Structure formats: C-alpha cells, structure tokens
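The values are calculated or read from the model by the stated rules, or taken from the named source; none is laboratory data. Note that this is a predicted model, so its numbers are computed, not measured. Backbone-built Cβ (ideal geometry, glycine too); neighbour counts: all protein chains shown. Surface accessibility is based on the protein's heavy atoms, side chains included, excluding ligands, DNA and RNA. Shrake-Rupley method; radii C 1.70, N 1.55, O 1.52, S 1.80 Å.
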Amino acid sequence: MSNDARTDDDVYLGLQQSEEFAELRTRFRRFVFPLTALFLAWYFLYVLLSTYAPGFMGHKVLGNVNVGLVLGLGQFVSTFVITMLYARWADREFDPRAAALHARVEEAHR
Amino acid sequence: MGRLNTAYGVVAIALVCLVTLAVGSFGLRLSRTTSDFYVAGRTVTPYRNASAIGGEYLSAASFLGIAGLVYTNGLDMLWFPVGYTVGYVVLLVLVAAPLRRSGAYTLPDFAEARLESLAIRRLSTILVVGIGWLYLLPQLQGASLALEAVTGAPGWLGGLVVAVVVVANVAAGGMRSITLVQALQYWVKLTAIAVPAFVLLGAWFSDGAPGPAIARDTRWEEPLNGLAGQGHPVYATYSLLLALALGTMGLPHVLVRFYTNPDGRAARRTTLTVVALLGTFYLFPPLYGLLGRVYLPQLPDGVAADTLVLRLPMAMVSDGLGQVLAAVLAGGAFAAFLSTASGLTMSVAGVIDQDLLRRRLGRLTGEDFSAAQGFRLATVLAVVVPYVASRVVEPVGLATMVSLAFAVAASTFCPLLVLGSWWRGLSTSGAAAGLVVGGTLATAAVGITVLAGPVPGWPGALLGQPAAWSIPLAFAVSVIVSLATPGRIPRHTARTMVRLHTPEDLVLERG
C-alpha cells in the first residue's frame with residue numbers, strides 16, 4: 001500500500017515538474033490573472049469617474065440618457081463580454097493543450 | 001392608494017408554493033443515488049443549470065431589496081446588481097475548475113482534501129453554517145414583509161410559510177428536485193418582475209413621463225451622494241464591490257452548482273448564460289426604484305422601502321389592474337425567497353448532517369437511525385435557527401443584510417480557495433489563521449452593525465463595509481503564517497495541485 005502511494009506521488013511530482021505542465025500553468029496564469037485584474041480595475045474606474053468626473057458622467061448623450069447611465073449598463077455588457085472571452089480562450093487555447101498533455105502522459109504511462 | 005384586495009395576493013403566493021412543492025416531488029422520483037441527492041448526478045445541462053443558478057441567486061435582496069435601495073439612496077445602489085454578477089465571473093476564472101476537479105461536494109470537503117486537516121474542515125463547517133444562516137435570515141424577513149404588505153397577515157406568517165415549504169422540498173428531494181424547481185423559478189421571477197414593469201412604464205408614458213419628485217433630498221440623482229448614511233461613500237462603494245466580487249465564491253449554495261456541471265466546458269457555458277440571465281433580470285429592479293421616486297415620493301411611516309415593488313402598482317394604475325400586478329409581483333417575490341432559501345438550506349443541511357450531526361446521532365441512538373432521517377433533522381435545524389433569528393433581530397434592510405453575508409464569505413473562503421488552488425506554499429496553520437482572523441473580524445463588524453445600529457464617521461464606514469480591510473488582512477495572515485510554518489505544508493500538496501490543475505479524466509485518477 002505505502003509503496004503504491006509513493007510511486008503514485010512520484011508520478012504526480014514528475015508531472016508537476018514536467019515542462020509541459022509548467023507551460024500549461026504559465027499560460028493559464030498569463031491569461032487569467034491579468035484578465036481578472038483588468039476587469040476589476042474597470043469596475044473601480046467607473047466608481048472613480050462617478051465621484052471625480054461628475055461633469056463627464058452627466059454629459060447628455062441622447063435625451064435624458066447620460067454617459068454615466070450608458071457606462072453603467074455597459075458594465076453588464078462588459079461582464080458578459082469578459083466571460084465570453086474567457087470561455088473562448090479556454091475552449092480554443094487551454095483545453096486542447098491540456099488534452100494533449102493528458103494523451104502524452106497516458107502514452108508514457110502504458 | 002386603493003386598498004389591496006387580499007384574495008389575489010393569497011392566490012398568487014399559494015400558487016407559487018404549490019407549484020414549488022409539486023415540481024419538487026416530481027424531482028423526488030428522479031433522485032436515486034447519493035450523488036443525485038447532493039449534486040444531481042452531475043448530469044444537468046448547462047442551460048438548465050444556468051437557469052437554476054439564476055433562480056437560486058436572485059434572492060429577496062434582488063427582487064425587493066435593490067429597488068428599495070435605489071428608491072431610498074439613489075443610483076449608487078446599482079453597484080449591488082453589478083457586484084452580484086461580477087462575483088460569478090471571478091468565481092469562474094479563478095476557482096471553479098480546480099474546485100470541480102477536487103471531486104469534493106462541499107466547501108469543507110475541499111478544505112479537508114487540500115489541507116489534509118480535520119481542524120480546517122471543522123472551521124469551514126462552522127463558517128458554511130454561519131454564512132448560510134446569515135443569508136437565510138433576510139430571505140425569511142423578506143417573506144414576512146411581503147406577505148404582510150400584500151395580505152395584511154401577521155409578521156411571523158410569511159417567513160414560516162417559506163420555512164415549511166423549503167423544509168418539505170429539501171428534506172424530500174435533495175439536489176435534483178431543487179435544480180428543477182430553481183430552473184423554473186428563474187423564469188417565474190423574470191416574468192413576474194418584467195411584465196408589471198412594462199405595464200407600469202406604459203402608465204408612466206401615458207402620464208407624460210413626469211420626472212422624479214425629489215422630495216427628500218436633491219442629491220438623490222447624484223452618484224455617491226452618501227445618502228445611505230455612509231459618511232465615506234467612495235470607500236463604502238469600493239468595499240461593497242469587493243465583498244460582492246470576491247464573496248460569491250464563498251457562498252455555499254453557489255459553489256455546489258459548479259459541481260453539477262459534467263466538465264469545464266459545460267461550467268463555462270453555464271456561467272456565460274448565468275451572466276446574461278442575471279443582467280437581464282437586473283434591468284428591472286432599478287426601474288421600480290425610479291418609478292417609486294415619481295409616484296410614491298414619500299412612503300407612510302413604518303413602511304419598509306423593501307416593500308416598494310409591491311406597493312407601486314396600486315399607486316400607479318387603476319384598482320383592478322393594480323391589484324393583479326401587485327399579486328403577480330408578490331408571487332414572484334415568493335419564488336425568490338423559496339428558491340434562494342432552498343439552495344441555502346440544501347447546503348447548510350448537508351454540512352450539518354455530514355459534519356455535526358451524524359456521529360452524535362449515531363452515539364445517541366446506538367446507530368438506530370437512517371441516513372435520510374439524519375438529513376431531515378439537519379434540514380429542520382438549518383431553517384429553524386434563522387427563522388427564530390428573523391423574528392428577534394431588527395431588520396436592517398434586505399440587501400444590506402445579504403451584503404454582510406457576502407463580506408464574511410469574502411473574508412474567509414476567498415483566501416482559502418484562491419490560495420488553496422494557486423499557491424503551493426499554503427500551510428495548514430496559515431489557512432487556519434486566515435480563516436479565524438478573517439472570520440472573526442468580519443463577523444464582529446457585522447455583529448456590531450446589526451445589533452448596535454449605525455455608528456457615525458470612519459469607524460461606522462469601516463464596520464458597515466468591512467470587506468476592503470478584512471479581505472486583504474485575511475490574505476496577509478494566511479501568507480505570513482504559511483511562510484513562517486513551512487513544516488506544516490500538507491504532505492501531498494504536489495499531488496493535490498496536479499489534480500486540481502489538469503483535466504479530470506487524467507490518467508492519474510486511477511492512482
């Protein structure tokens with residue numbers, strides 16, 4: 001039992017230290033962490049604009065609709081766009097690579 | 001304002017309750033295994049799952065609370081719906097995939113699997129139950145308010161109705177029946193808030209689209225006006241936004257929904273649909289707030305702003321139509337209380353049953369009880385405590401109460417989940433210290449706000465919206481203590497991390 005557990009841990013360690021796995025993780029971090037920071041910054045920017053640039057936010061675009069309202073509704077739209085970007089990236093970039101890694105490990109393990 | 005005809009309201013609410021029970025018992029026949037019971041066998045399609053998430057997430061705070069907040073405090077309050085939606089995206093990109101791969105059913109399961117410590121599991125259990133109760137409380141208060149406003153029933157009745165229906169459904173059917181009920185309830189809620197909104201907008205246009213009568217304060221239309229009694233609106237808004245964005249991942253009833261997805265692709269489809277569904281719904285509550293400013297510039301004394309949505313139709317259109325619309329809205333509001341309360345109860349009861357009750361019951365009865373009986377008892381416990389609290393605690397506003405639950409979740413589970421899935425250096429001591437510090441600080445701030453009422457100046461702002469300081473502090477404590485106790489890093493961390501970050505069908509599963 002304990003022997004099995006050790007070899008098993010070794011396999012995991014091996015995979016974790018492998019170049020492919022490191023690359024996969026770096027790719028994920030390079031995309032996801034900046035994306036998260038960017039979209040949080042965008043929400044916080046809106047709050048700042050509302051406070052310190054009321055003239056800009058109050059600028060009438062069409063009838064009673066001002067910039068603030070447009071940007072406010074834009075927050076929902078942008079949330080949707082961000083989620084879509086992430087989903088597309090994961091479908092096209094991340095999943096195929098993860099699957100390829102999976103296949104290689106499977107092969108090596110046989 | 002005409003007098004409300006009680007009959008319509010009673011019929012609408014009774015109908016929603018009965019349909020909920022009927023659909024729930026239909027789901028009962030479908031639920032066979034443990035996995036069915038807790039996570040609906042992971043076989044729910046993305047679209048139905050998204051409807052269910054939307055159904056579960058749109059609570060009393062969304063249906064009644066936001067309109068009330070916009071009405072009293074102005075347009076800043078739009079931050080609530082934006083924050084509620086953003087939380088889902090943060091959850092998706094940062095923790096959803098590793099969590100699903102961990103194979104755990106609940107937050108305590110994940111905590112134990114990642115940190116290999118029973119003590120951490122116990123801490124998480126206490127937090128799940130605490131956050132769940134904090135979130136159930138406003139649902140039950142909202143039900144009491146709504147029933148009282150629509151039918152004049154005594155204040156204790158509305159919460160009791162919701163409590164009884166929820167216990168019946170959860171105890172009987174588990175997750176699969178709940179999923180069906182909640183998917184249905186999203187569409188009930190959207191219809192119930194949208195149709196009256198269009199009728200009322202029509203009435204407003206035919207009145208010549210009058211502007212709001214800003215009776216109380218001319219600052220109402222301005223952003224960050226500080227009307228919410230917060231002396232420091234920029235700080236308060238930032239802190240709130242942070243709590244909502246980072247707290248969603250720590251809500252027990254939200255997270256379990258990501259386990260009901262079969263794979264990562266489905267989880268992403270689900271989230272995309274959820275964001276669209278929530279965004280659509282959230283267009284309406286602010287509309288009620290704005291119309292409220294026009295037609296009901298002054299609510300009678302002793303009437304909670306949270307009931308604005310229900311009162312507006314009677315103030316705007318002819319008696320008969322107004323009564324029908326008010327009844328539709330009341331039915332929708334009840335759908336909101338029921339679906340959110342069901343999801344929360346399911347999660348809290350699951351944890352109470354698994355971690356607190358099972359062994360004790362076994363000892364008391366000499367193993368003479370079935371697993372189902374234990375879960376049913378846990379379900380009753382999960383609902384009775386917040387119900388009693390909802391009768392004792394002075395209401396502070398539905399959305400405010402909910403945001404406090406978010407703050408506690410963000411100060412505890414957010415550091416645990418983010419560091420747990422992304423940092424190999426997290427030690428058992430570090431995680432425990434983070435949970436204790438974040439949990440204690442946020443809970444203390446919440447306790448003071450709820451029990452002692454508003455405090456003036458900076459201390460009040462800091463206590464009223466603790467997230468902006470309690471989240472970074474919890475992160476810092478976790479990291480510093482982890483760095484100081486490298487010997488307490490769980491033994492199988494490397495193995496766990498690979499498991500969390502590679503596709504679930506990976507070869508190593510067989511190890």
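For this structure, a couple of remarks:
- Meets criteria (at pLDDT below 85, more than 21 Å from the chain's Cα centre (by Cα) and open to solvent by less than 10 Å² (accessible area, probe 1.4 Å)) for residue B:322: no
- Count of region B:374-388 residues, restricted to those that are open to solvent by 30 Å² or more (accessible area, probe 1.4 Å) and either touching a residue at least 12 places away in the same chain (Cβ under 8 Å) or hydroxyl-bearing (Ser, Thr, Tyr) (or both), is 7.
- Of the residues making up region B:84-106, those that are of a type in the set (Val, Ile, Thr) and closer than 17 Å to residue B:280 by Cβ are B:85, B:86, B:89.
- Test for residue B:357: is it surrounded by fewer than 24 Cβ atoms within 10 Å (Cβ to Cβ) and either of a type in the set (Asp, Glu) or touching a helix residue (DSSP H, G or I) at 6+ places or on another chain (Cβ under 7 Å) (or both): yes
- 3 or more residues open to solvent by less than 60 Å² (accessible area, probe 1.4 Å), at the interface with chain B (Cβ under 10 Å from one of its Cβ atoms) and at pLDDT 80 or above: qualifying helices (runs of 4 or more DSSP H) within region A:16-110: A:19-52, A:67-89
- Helices (runs of 4 or more DSSP H) completely within region B:437-504 that count 1 or more residues being modelled with pLDDT of 85 or more, charged (D, E, K, R) and closer than 21 Å to residue B:426 by Cα: none
- Checking residue A:10 against (1) more than 10 Å from chain B (Cβ to nearest Cβ); (2) surrounded by 12 or more Cβ atoms within 10 Å (Cβ to Cβ); (3) at pLDDT below 75, the condition it does not meet: (1)
- Some residue of region B:366-388 being of a type in the set (Ser, Thr, Tyr) and either at pLDDT below 80 or out of contact with any helix residue (DSSP H, G or I) (no Cβ under 6 Å at 6 or more places or on another chain) (or both): yes
- Against the numbered list (1) of a type outside the set (Val, Ile, Thr); (2) farther than 28 Å from residue A:41 by Cβ; (3) within 12 Å of another protein chain (Cβ to nearest Cβ), residue B:68 comes up short only at (3).
- Residue check, residue B:138 within 29 Å of residue B:161 (Cβ to Cβ), within 14 Å of chain A (Cβ to nearest Cβ) and either in a helix (DSSP H, G or I) or open to solvent by less than 10 Å² (accessible area, probe 1.4 Å) (or both): no
- Taking the criterion of being more than 10 Å from chain A (Cβ to nearest Cβ) and open to solvent by 10 Å² or more (accessible area, probe 1.4 Å), the residues of region B:267-289 that qualify are B:277, B:284, B:287.
- Of all the residues in region B:419-431, those that are surrounded by 20 or more Cβ atoms within 10 Å (Cβ to Cβ) and part of a helix (DSSP H, G or I) number 7.
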